[in-house]
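**Student:** What follows is a single structure, and I will ask about it in a moment.
The values are calculated or read from the model by the stated rules, or taken from the named source; none is laboratory data. Worth saying up front: this structure is predicted, and the values here are computed from it rather than measured. When we count neighbours, we look across all protein chains shown, and the Cβ atoms used for this are built from the backbone with ideal geometry, even at glycine.
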Amino acid sequence: MRVFVLLGAPGAGKGTIAAMLVEKCGVRHISSGDLLRAAVRDGGTPAAQAAAEAMRRGALVADDVAGELVAERLRRAAPDDIMLLDGYPRNVAQAKTLEHDLGAIGTGVEAVIWLEVPEAVLMERLAERRVCGKCAAVYHSINLKPRISGVCDRCGGTLVRREDDTPERVANRLEVFHRETEALLVWYEQRKLLRRIKAAPAASEVAESLAKMVKA
Ligand code: ADP
């Protein structure tokens, strides 16, 4: 199994680019945010309720809750799968857990792709982001419009604004990102795994250069 990590601030385009890589080179996309949103929808457990509350505030969910959802997906992977982690790890503690879990199955992270996007672009993208309430596909009300307004091209679901995409929650998520995830960049840089990619051009160009890296 090969494992790649996509790192970037909220709005950097991780989900959009990951979906393109699924199409281009058959990677398996594991989005911790999507897994958590599904767990919150399904579960009335105390852990699911605490996760829902943290997500509404734009704070991080407990490391072990996010970690277990991702670990469960990794355990189900086939030996020749290429896994693309999006949103996990998000801090150094999670990166250490991941290193340990992958080490136990004889593998490790091959590369960490850091999507660099200026803050003004992030804010604009999040304000205009719409997601499918059914299949979680991502759209942008100006740059990446669905064929029929308000309707998902892929499954016909209704497009909505994510609950945590309001200006106040976006500000909180960016603050959490600067505090927690930037330390992770240093950690991966020290391990010589970090690859920086300027992600402000079109998502398709970024996906093209990542596809070359994955196919190499
Ligand atoms: P974004 O990258 O735009 O913030 P995500 O869908 O990746 O969107 O995450 C949404 C929310 O889910 C985060 O604000 C956080 O509350 C929670 N979350 C996602 N991944 C993790 C993680 N690895 N650890 C803790 N919380 C997480």
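**Student:** Within region 84-142, how many residues are closer than 23 Å to Leu184 by Cα and in contact with a strand residue (DSSP E or B) (Cβ under 9 Å, 6 or more places away or on another chain)?
**Tutor:** Total meeting the criteria: 22.
**Student:** Go through region 58-71 residue by residue and tally those that are of a type in the set (D, E, K, R) and loosely packed, with under 14 Cβ neighbours inside 10 Å.
**Tutor:** Within region 58-71, the subset of a type in the set (D, E, K, R) is 63-64, 68.
Then drop every residue that is not loosely packed, with under 14 Cβ neighbours inside 10 Å, which leaves 64.
Residues meeting the conditions: 1.
**Student:** Let me ask you something else. Can you pull out every residue in region 23-39 that is more than 9 Å from the ligand (Cβ to nearest atom) and either free of Cβ contacts under 8 Å to residues at least 24 places away in the same chain or small (Gly, Ala, Ser) (or both)?
**Tutor:** Glu23, Gly26, Ala38, Ala39
**Student:** Also, quick follow-up: Just for region 76-96: of the residues that are surrounded by fewer than 20 Cβ atoms within 10 Å (Cβ to Cβ) and of a type in the set (Gly, Ala, Ser), which one is farthest from the chain's Cα centre (by Cα)?
**Tutor:** Ala78
**Student:** When you go through Ala93, Ala77, Ala111 one by one, which is the residue that is at pLDDT 95 or above and either among the polar types (S, T, N, Q) or more than 14 Å from the ligand (Cβ to nearest atom) (or both)?
**Tutor:** Matching residue, one of Ala93, Ala77, Ala111: Ala111.
**Student:** Would you check which residues across region 38-88 are part of a loop (DSSP other than H, G, I, E, B) and among the hydrophobic types (A, V, I, L, M, F, W, C) and list them? Show your work before the answer.
**Tutor:** Here is the first cut: in region 38-88, the residues part of a loop (DSSP other than H, G, I, E, B) are 43-45, 58-62, 76-81, 87-88.
Across region 38-88, the qualifying residues are Ala59, Leu60, Val61, Ala62, Ala77, Ala78.
**Student:** What number of residues in region 132-159 are β-branched (Val, Ile, Thr) and at pLDDT 95 or above?
**Tutor:** Of the residues in that region, 3 qualify.
**Student:** Cβ contacts < 7 Å: first residue closer than 22 Å to Ala95 by Cα, restricted to region 43-69; second residue of a type in the set (Phe, Trp, Tyr) and near the ligand (Cβ under 9 Å from one of its atoms), any location; separation 6+ or different chain. Result?
**Tutor:** Ala66/Tyr88
**Student:** Being in contact (Cβ under 8 Å) with a residue 40 or more places away in the chain and either basic (Lys, Arg) or exposed (fewer than 14 other Cβ atoms within 10 Å of the Cβ) (or both) narrows it down to one of Lys192, Lys134, Lys215, Lys145, so name that one. Steps first, please.
**Tutor:** On the way: Lys192 fails: in contact (Cβ under 8 Å) with a residue 40 or more places away in the chain; Lys134 fails: in contact (Cβ under 8 Å) with a residue 40 or more places away in the chain; Lys145 fails: in contact (Cβ under 8 Å) with a residue 40 or more places away in the chain.
Every option except Lys215 fails the conditions.
**Student:** If you don't mind, another one. Please enumerate the residues belonging to region 40-74 that are β-branched (Val, Ile, Thr) and either within 12 Å of the ligand (Cβ to nearest atom) or over 29 Å from Ile105 (Cβ atoms) (or both).
**Tutor:** Hits for region 40-74 are Val40, Val61, Val65, Val70.
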